[in-house]
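The values are calculated or read from the model by the stated rules, or taken from the named source; none is laboratory data. Quick caveat, the model's predicted, so the values are computed rather than measured. Glycine gets a Cβ as well: all are built from the backbone with ideal geometry, and neighbour counts include every protein chain shown. Heads up: the accessible areas ignore ligands, DNA and RNA and are worked out on the full protein's heavy atoms, side chains in. Shrake-Rupley method; radii C 1.70, N 1.55, O 1.52, S 1.80 Å.
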Amino acid sequence: MPSRFDDEEYRQHRLLPIDIPAPVMMHDFAITENYTLFLDMPLTFRPMRIMLGQLPIKFEAENPSRIGILPRHGDNRTIRWFEISTSMLYHVGNAWEEGDEVVLLSTRTPDTYLFIPQEDNGEGGDTEFEHFRMYRYRINLVTGTVKEELLNNLDVATEFPRINDELTGRKTRYMYASRQATYMRPRLLLDGLIKYDLETGSSQIHEFGRGRFGGDSAFAPRPGGTAEDDGWLLTMIWDAVEKRSELWVIDAQKFTNEPVARILMPQRVPYGFHAAWISEAQMATQQS
């Protein structure tokens with residue numbers, strides 16, 4: 001991993017056009033040691049829809065859902081596309097190479113409304129809203145087959161996967177994510193964190209408690225730590241009962257324990273989608 005963000009090796013070197021059938025919302029991507037993974041999902045962008053009084057972005061289930069794998073020094077001629085079941089992948093957890101396979105971890109929903117509540121579709125039940133599940137994709141570069149599996153068989157709605165960022169693009173044992181509070185539909189609220197053990201297939205849940213909701217989390221590794229999960233998960237919490245925002249610090253190795261710290265914010269902090277941990281050493285390398 002780079003020790004400096006301004007290292008020449010990690011700067012942008014070139015722009016590479018990639019052909020896809022239609023303009024799409026490609027919200028995230030992944031990297032491994034030798035590949036870059038692109039997500040060509042059927043959430044298309046067609047500006048002319050505005051003339052019809054519609055949103056320009058729409059999920060078109062008749063279009064294929066594909067994962068593109070581009071060799072590190074490849075181009076539009078060498079990228080390979082692999083179709084998966086109709087779905088939308090918004091956020092990637094991690095990816096790595098394993099033998100003949102490229103493994104991708106991502107949240108998945110069978111369709112998407114851009115988090116805009118939809119009217120009942122006539123089949124009964126509540127207002128429709130996206131429920132994401134954590135999936136693992138095994139893409140075999142030799143046979144061309146793709147295996148899709150629900151991670152840990154944990155049928156819990158979840159979003160915003162995170163790892164120890166020092167292992168991005170390499171095989172990881174642990175992954176973390178925020179649990180969706182599906183009982184609060186149609187609002188997208190998150191009421192806990194999940195720790196996935198990819199080796200044992202088990203998982204743990206850290207509950208925020210009644211009336212507390214959070215957002216994304218960030219992993220802060222312990223200085224000098226050697227274990228992958230030796231560090232803390234940081235997440236911002238809004239306590240709707242006490243009417244206050246707090247920054248929670250959770251020991252990743254004692255995941256279900258009470259937070260090791262709860263830092264009160266002087267005012268309400270709005271829900272956020274994404275977060276990152278930047279160490280003091282990393283800050284010192286930044287150019288002003």
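Computed over the chain with a Gaussian network model linking Cα atoms closer than 10 Å, the most mobile of 94, 76, 164 is 76.
Simple point charges give the picture: +1 on the Cβ of Lys and Arg, -1 on the Cβ of Asp and Glu, and for the chain a dipole about the Cα centre of about 460 debye.
Entry note, region 146-260: relative contact order of 19 percent, from Cα contacts under 8 Å with a spacing of 6+ residues. Expressed as a whole percent, the accessible area of the chain that falls on carbon and sulfur atoms is 51 (1.4 Å probe).
GNM on the chain, alpha-carbon springs under 10 angstrom: the most fluctuating residue among 99, 169, 74 is 99. Accessible surface calculations at 1.4 Å, restricted to protein heavy atoms, place the chain at 55 Å² per residue.
Using bins 10 angstrom wide from zero, how does P(r) for the chain break down, in % of all Cα pairs? Using 10 Å bins, I get a P(r) of 6, 25, 32, 26, 10, 1 for the chain. Placing +1 on the Cβ of every Lys and Arg and -1 on the Cβ of every Asp and Glu, with no other charges, gives region 168-215 a dipole of roughly 140 debye about its Cα centre. Note on the chain: Lys pairs 8 or more places apart or on different chains, Cα atoms under 24 Å apart, count 5. Using a Gaussian network model of the chain in which every pair of alpha carbons under 10 angstrom is joined by a spring, one finds that among 91, 27, 13 the greatest mean-square fluctuation is at 13.
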